[in-house]
Each structure stands twice: as structure tokens, then as C-alpha cells.
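Computed from the coordinates by the stated procedures, all read-outs in this text should not be read as laboratory data. Computed from a prediction, not measured in an experiment: that's the story for all the values here. FYI the Cβ positions are ideal-geometry reconstructions off the backbone, even for glycines, and counts take in every protein chain you see.
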Amino acid sequence: MSKSPILLRNFNLATMIAGETPYGMIENAALVIDGEIISWAGNSIALPDQYSNLDAHDLGGRLVTPGLIDCHTHLVFGGNRAREFEMRLEGASYEEIARAGGGIVSTVTATREASENELVQDALPRVDALIAEGATLLEIKSGYGLDQDTELRMLRAARRIAEERPVRVKTTFLGAHAIPAEFKDKPDRYVDEVCIPALRAAHAEGLVDAVDGFCEGIALSPAQIARVFDVAKELGLPVKLHAEQLSNLHGAKLAASYGALSADHLEYLDEDGVIAMAKAGSVAVILPGAFYTLRETQLPPLETLNKHGVPVALATDANPGSSPLTSLLLTMNMGCTLFRMTPEQALAGVTQNAARALGMSDCGTAETGKRADLAVWDVEQPAELAYRIGFNPIHKRIYGGKL
Ligand code: DI6
Ligand code: FE
């Protein structure tokens, strides 16, 4: 026998459905959850008779939003990079550290030494921090293995997180993150002999939801990324790309030519790249944690993205080097203060547009037929979510219909 539906009453609902009202707001809302799914949402005056006899959970006039989505993280990794943080404070740049064998490659050493279990246990506190702020869906990338065994182990660890905690996880293969030390002078051989075979093996094990790369002078060239994307395409996997983070190699345009779900970072993106993204329907994922940590001064071209109607998502980029950040609320605040987004754009960036960046259509808005992944907040206005710094006003998280 299936459980009877749950009725929520007495709250304001930021549906995040794009349209006439800011935040898609429904005041004095009611919402019915049947199993994992929202079976009705609207103004409580319009609640259908069939639901009016259900025991109601009174939410005391609070704000309800879709569950938050972190659509770009590297939160499975070994070790940490506090020493590199000190080096940067002493004047070394991120690129200098990377070229001297630190950076991503130093996390690779620590990750290769970690067991699957250690990777999961190390990641859980980071996951818990995100869940505590209402996150219901996370994307997690590989990319600190750069050998087949470790890349697959990272993806298995990422998948296990969804068994250990009430959160959904989408896994992204990022073997094209950097060239490991043992292939320093033969990057093409790394791509052909390690990265592509590892992608095929990870896919054969059912571990890959999307394929990503880091297109940059300190990482892989556009031609190398294209070889990896050709294989993704052959396997029927969607792609996304770290593009235009430190320089403009026209990575976003390359990704768009493969119909990318998203291009991410984008500080050095030009209008030509924006237009290519708009045509391909790719989401721009902007990452203020990395901008802040690297003390970047070049802003991602938000006005141009808005002008061409490219949806913009916001994510933590949680990683041990350029963005040791595990707060989506702080990410929203940084999106507003550093990138001049509106609080409404920031919330859309961690809900509706984040879902789109992951190719997910069952979440990201609070409406009939979507998963009942919701966050209940002790705030009066939705702008409060982005406004405060270091404060978590969550009241309750609802995950797959479970309160
Ligand atoms: N860009 C980033 O910001 C992260 N990866 C990437 O391609 C940084 C990863 C790291 O520094 O460990
Ligand atoms: Fe990243």
C-alpha cells in the first residue's frame, strides 16, 4: 500500500519557474507531496478538494525553495593544499605553483595513495556541509587520479556518497584535468594511452554521467580536449568544459560545438564564445570561489551572457586548490557581491540553471511533477539567502519527499 500524500501549508514558495513574478513566487502557498514527487503546488486557496482533508504540516510562514544544487565540484580528493595557500600569500601565483609541480599534480599524489574508503570518508564532511545548507543534488568530478585505477576509484567513491548520505550525485569524468608528472613532456601520449582508455573503462563500468576537461595553458590544449570529446560523443556522453578560466583559448566555443551542457569559469570568455554557447544551449557555470581564492580581477562577462540569453549557474567548484569552498549560500553571496548578480539570479544559479547544467529535468524548480527536493528557510524574503555572510537560515530540508 502506498503512503498517503503529505500536505505542506502556510509558506511562501519560490518556485524558480522563470516567468512574470520574481522568483516565480507564490504567496500563501500549499504543496502536496506524493511519494518522491510534488503532486500539486499553488496558492492554498486553489488547493483541490481531494487534498483538503490531509493532515497539514504548517510551515509557519517560512520560505520554501527548490533544494539547492551544486553543479560543479571536485569534492573527492586526497590531502589538502594549505601549504600552497601559504605560498600564494607569500607571492607565488597559481600558475607558478602548478608549473613547479604543485597544484593539481600534488593533489594527484595524495589521491593516488588514498583507498576508495578513505576518499569517501574524507569527502563526507564536505558533503555534509553542503547538505546542511539545503543541497539535494551534487555533481562530483574525477580528475585527481590521472591514471585509470585512481580515476575509476574516485568515481566509485563519488557514487558511494549517494549511498552514505541522502543526496543525489552526478559523476563527471575529468581525466583531462592535467598532465601527470610521468607524462610531463608527452601530453599527447597521456591523452591517448591513459585518459581515453580510462574514459572507456569508466563508461563500461557505468560510472560516467558526463565528460569534462580543463582547457588551459597549464592543462590540456583545445586539440587534446577535442580528442577526448570525440570519444565522449562516440560513447553518447554529454560534455562540459573548464574554459577561459585563466586565458582565452576559445574552449567555450569548442565545447559548444559538441553541444556541451555547460562551459565553466569563463572569466576570459569573449562575445564570440558567448554566441556559440547561446546557439548550443550551453549553460554558463560561474565559480566565484575560484575567482576569490585566486584574487582574479577579470570578471566573467555576465552582461554579455544575459544579452544573448545564456542561462547562468553558480557552483562552489569545491576543490583543495583554487576553491576550498563548501557553502552554496556563500557562493550566492559572492555571486552577488563579486559578480554583481541579483539575489534572484544567484538563487536561479543554484537551482533551475544548475539542474540544466547537469542535464536534469526532474528538479531545479518547485512545481507539479518534479521531485520533492525542497529547502525550508527561516527568512522573510528570498534575498536574505544571498545577503548574509556565514549564516545558515535553514529550517528543514526535504529530500525525495522525506521531511
Ligand atoms: N580549475 C579549477 O579551478 C580547479 N580545476 C580546474 O580545472 C582547480 C583544481 C585544483 O587546483 O586542484
Ligand atoms: Fe573546477
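Annotations for the structure displayed:
- Here the mean projected area of the convex hull built on the C-alpha positions of the chain is 19.3 nm².
- Net charge of Cβ neighbours under 15 Å - reference Pro382; Lys, Arg +1; Asp, Glu -1: -4
- In plain terms, the chain is cut at each of the GluC sites (Glu not before Pro) found in a DSSP loop with at most 10 other Cβ atoms within 10 Å, and the longest leftover piece is 91-403.
- Listed residue (Ile33, Val64, Leu266) projecting farthest to the positive dipole end of the chain, Cβ model: Ile33
- The chain, relative contact order in percent, only Cα pairs under 8 angstrom and at least six apart counted: 19 percent
- Loop sites by DSSP among the trypsin sites (Lys or Arg not before Pro) of the chain, restricted to those with at most 10 other Cβ atoms within 10 angstrom, leave 4-294 as the longest stretch without any of them.
- Remark: the Asn28-His395 segment gains 130.4 nm on full extension, using 0.36 nm per residue and subtracting the alpha carbon distance.
- Centre-to-centre, using Cα atoms only, region 87-144 and region 33-60 are separated by 42 Å.
- Within the chain: Cβ-based charge dipole about Cα centre, in debye rounded to nearest 20 (Lys, Arg +1; Asp, Glu -1): 340 debye
- Integer Hz, Karplus 6.51/-1.76/1.60 couplings in order for region 171-180, x for Gly and Pro: 9, 10, 7, 10, x, 8, 8, 6, 9, x
- Nearby aspartates and glutamates by direct alpha-carbon distance to Lys396 (threshold 16 angstrom, same-chain neighbours under 8 apart not counted): Asp58, Asp128, Glu133, Asp373, Asp378, Glu380
- Largest first and in whole Å, the equivalent-ellipsoid semi-axes of region 261-324 read 22, 12, 8, each the square root of five times a Cα gyration tensor eigenvalue.
- Region 268-293 residues near the modelled His308 label - backbone nitrogen below 12 Å, point 7 Å along Cα→Cβ: 269-284
- Scanning residues 5 or more positions from Leu68 or on other chains, those with amide H under 5 Å from its amide H are Ala135, Thr136, with H placed 1.01 Å from N in the peptide plane.
- Nearest-0.05 FRET efficiency for Glu271 and Asn43, computed from C-beta distance (R0 45 Å): 0.60
- Normalising the average separation of contacting C-alpha pairs (under 8 angstrom, six or more residues apart) by the number of residues puts the relative contact order of region 285-341 at 43 percent.
- Calculated log₁₀ intensity ratio I(q)/I(0) where the Debye formula runs over C-alpha points of region 1-81, q = 0.25, 0.27 Å⁻¹: -1.25, -1.37
- The ratio of the alpha-carbon radius of gyration of region 65-196 to the globular-protein estimate 2.2 N^0.38 Å is 1.11.
- Shape category assigned to region 92-159 from the gyration tensor of Cα positions, a/c cut at 1.5: oblate
- Top positive-direction residue, dipole computed over region 123-245 with Cβ charges, set Leu152, Gly213, Ala181: Leu152
- Separation of the alpha carbons by more than 20 angstrom is noted, of Lys307/Lys370; Lys233/Lys279; Lys370/Lys402; Lys240/Lys370, for Lys307/Lys370; Lys240/Lys370.
- Considering only alpha-carbon pairs that sit under 8 angstrom and 6 or more positions apart, the relative contact order computed for region 1-73 is 39 percent.
- The chain, helix-only ellipticity at 222 nm - DSSP H runs n ≥ 4, -39,500 (n - 2.57), divided by all residues, nearest 500: -10000 deg cm²/dmol
- Rounded to the nearest 10 degrees, the angle from helix 271-280 to the longest Cα principal axis of the chain is 60 degrees.
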